[in-house]
Amino acid sequence: MRTSMKSTLTKFVLGGVAASMLTLGVSADTLTRQNGAPVGDNQNSQTAGPWGPVLLQDSHLIEKLAAFDRERIPERVVHARGVGIHGYYENYVDLSDETVAAPFQGEGKKTEVFVRFSSVVHGHLSPETLRDPRGFAVKFYTEQGNWDLVGNNFPVFFIRDAIKFPDMVHAFKPSPVTNKQDAKRIFDFFSHVPESTHTLTMLFSDYGTPASYLNMDGSGVHAFKFVDDEGNYKYVKFTWKANQPIKNFSAEEAMKVQGMDFQPHTTDVYTRIGEKGETASWDLYLQELEPEQLDDFEFNPLDTTKIWPESLVPAKKIGRLVLNRVPDNFFEETEQAAFAPSNLIPGIEPSEDRMLQGRLFSYADTQRYRLGVNAYRIPINAPKNAVINNHEQHGQLRTTSSNRDVNYQPSRRLDLNEDPAFRYSSKPLAGMTQQIPFYKEQNFKQAGEFFRNLTKEGQAHLISNLGGALASVPEEEIRVIISAYMYNADKNYGKGVAKLAKAPMSKVRQTAKDLMKQQAARAAKAKQVAESLTALMQ
Ligand code: HEM
């Protein structure tokens, strides 16, 4: 009697099956710990008797809580919320005489891609309906390594120099004091940044609230260089034009949708591509400029606040992007994806665009922090059609190794060498180092053209969205300056915004004139300093 009670108790405490499995292999349907050992109880912590505390020796409990405590990696500092989709790029036009870049060699060539669409300012689980530009980042897995074209849905950006980016993002993000996004902080910053007129205009139009990631265009924004096999280069811009109709929400529709589903973009992608098996496609258009054409325009073609109007620089269709498969796992692919403008391949080089030059540093740097030093070895980021073959080694979470005795170069013992065919192109340079703004600012003209190209309804929405947001700013000076930007872009646009924002028109007109004078004075000074510095060189 005593013996059988003891054995029942032992079975209960140890778990009958677990006790008998100690010597057996672990079956596939048994829960395990990280070390592969079976878990005996995933419902009850180990305690010191029925009334006692939980024991620290319950390693499964400790490991489970510790893993949970570390589930979140830092969210992206911007573009935190996104949706990834797999697909391919198909090249239509052989561009081998312009660039040695792999995706553009031959007609019909296909290159595997992963795309991540995102909102910009708002956090990882924020409503997708909020007003924001949208990210349009494409990773091409080429046989020359991965090329990332990290663009947006807008073809222009708010600023033209990377040095302003952290301030701009701080102004857009919630206040460090109240944790609220606040129009007065945003417009305070932008009242010092007239070059933002073009992109602010797009942001407050209905293009700032797209109805779907699949129904919007995309743009590489910056100029890049296409480099041929002799090192000759030209400047190029890339634009994705959707084959799905462009669809935006009005502010009213966005609010209504948000009340029903705060993540409509993710729902849309997982329904259309994930469940219904639809595909979405975009045609890729290319614009090209010879280096000697850079000074031929009223604006600087290397200025991210400007488009290259197609009337001045024609666009040709060169291929298409097809997206057809959602990731198997959000975290492993979409969240861990690391797109970087510095991930370039032979035949594509950065232009001297001052924003792009800052981005070349910033992305890989933040990704070393967000994902670790081996970020580009995580499967979604690793080359799929090329191999990594260098002597960079170790660091956290390194899981592969070349395991070579020779981990240095040059060596007589290992024939692993650079190939001079892939040297960067050369560019003639002259001048002194300097810190001078562009002398062709042209801060307002393209914003006016954009405004006039909107439908009457689109113009009314823009005026109401921007004027309404600006009205909440307590300082009259800020309301006047922002209205004056818009007045300089287009008089009707400026008047409409000023009226809603309660900015007195007499002050708006005067400020608009002053802004034009200041722009001209800055331009004259910048030109003069640049010329005198160049003269000093001669
Ligand atoms: C100097 C200006 C800029 C800086 C310093 C900057 C910085 C950053 C940083 C730090 C991230 C987070 C990256 C990550 O954690 O993986 C990011 C993401 C992103 N940025 Fe920028 N950015 C700048 C301008 C732009 C511009 C002009 C565009 C569009 C052409 C753009 C498009 C994107 C996109 C699409 C992402 C998200 C990529 C993804 O889906 O993972 N950024 N940016």
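Here are a few things to note about the model shown:
- The set of residues from region 335-391 being in contact with a Ser or Thr (Cβ under 8 Å, 6 or more places away or on another chain) and among the small types (Gly, Ala, Ser) comprises 347, 364, 386.
- Every listed requirement among (1) modelled with pLDDT of 95 or more; (2) assigned to a loop (DSSP other than H, G, I, E, B); (3) more than 11 Å from the ligand (Cβ to nearest atom) is met by residue 339 save one, (3).
- Single unsatisfied condition, residue 478 versus (1) surrounded by 18 or more Cβ atoms within 10 Å (Cβ to Cβ); (2) free of Cβ contacts under 8 Å to residues at least 60 places away in the same chain: (2)
- Region 425-463, residues that are among the aromatic types (Phe, Trp, Tyr) and at pLDDT 95 or above: 444, 450, 451
- The residues of region 77-113 that are within 16 Å of the ligand (Cβ to nearest atom) and out of contact with any helix residue (DSSP H, G or I) (no Cβ under 7 Å at 6 or more places or on another chain), listed by number, are 79, 80, 81, 86, 87, 113.
- Per-region count, region 63-99, residues among the acidic types (Asp, Glu) and either surrounded by 14 or more Cβ atoms within 10 Å (Cβ to Cβ) or at positive phi (or both): 5
- Search result, residues across region 5-36 that are at pLDDT 90 or above and under 19 Å from residue 55 (Cα atoms): 33
- Selected residue (criterion: farthest from the ligand (Cβ to nearest atom)) from residues of region 142-182 that are of a type in the set (Asp, Glu) and closer than 20 Å to residue 80 by Cα: 182
Conditions (1) modelled with pLDDT of 95 or more; (2) in the same structural domain as residue 295 (by TED's automatic domain parsing); (3) among the aromatic types (Phe, Trp, Tyr), marked per residue:
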| residue | (1), (2), (3) |
| --- | --- |
| 151 | yes, yes, no |
| 157 | yes, yes, yes |
| 193 | yes, no, no |
| 205 | yes, no, no |
| 228 | yes, yes, no |
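Here is a yes/no grid of residues against (1) in contact with a helix residue (DSSP H, G or I) (Cβ under 8 Å, 6 or more places away or on another chain); (2) under 30 Å from residue 85 (Cα atoms); (3) buried (at least 19 other Cβ atoms within 10 Å of the Cβ):
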residue: 289; (1), (2), (3): no, no, yes
residue: 297; (1), (2), (3): no, no, no
residue: 304; (1), (2), (3): yes, yes, yes
residue: 307; (1), (2), (3): yes, yes, yes
residue: 315; (1), (2), (3): no, yes, no
residue: 320; (1), (2), (3): no, yes, no
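- Counting the residues of region 53-76 that are within 16 Å of the ligand (Cβ to nearest atom) and either of a type in the set (Val, Ile, Thr) or farther than 30 Å from residue 132 by Cα (or both) gives 1.
- Some residue of region 327-335 being away from the ligand (no atom under 12 Å from the Cβ) and part of a strand (DSSP E or B): no
- For region 200-252, a residue qualifies if it is buried (at least 20 other Cβ atoms within 10 Å of the Cβ), more than 16 Å from the ligand (Cβ to nearest atom) and farther than 27 Å from residue 147 by Cα, and the qualifying residues are 201, 204, 205, 206, 209, 211, 249.
The values are calculated or read from the model by the stated rules, or taken from the named source; none is laboratory data. The structure displayed is predicted, hence computed values, not measured ones. Note: ideal-geometry Cβ built from the backbone for every residue, glycine included; neighbour counts use all protein chains shown.
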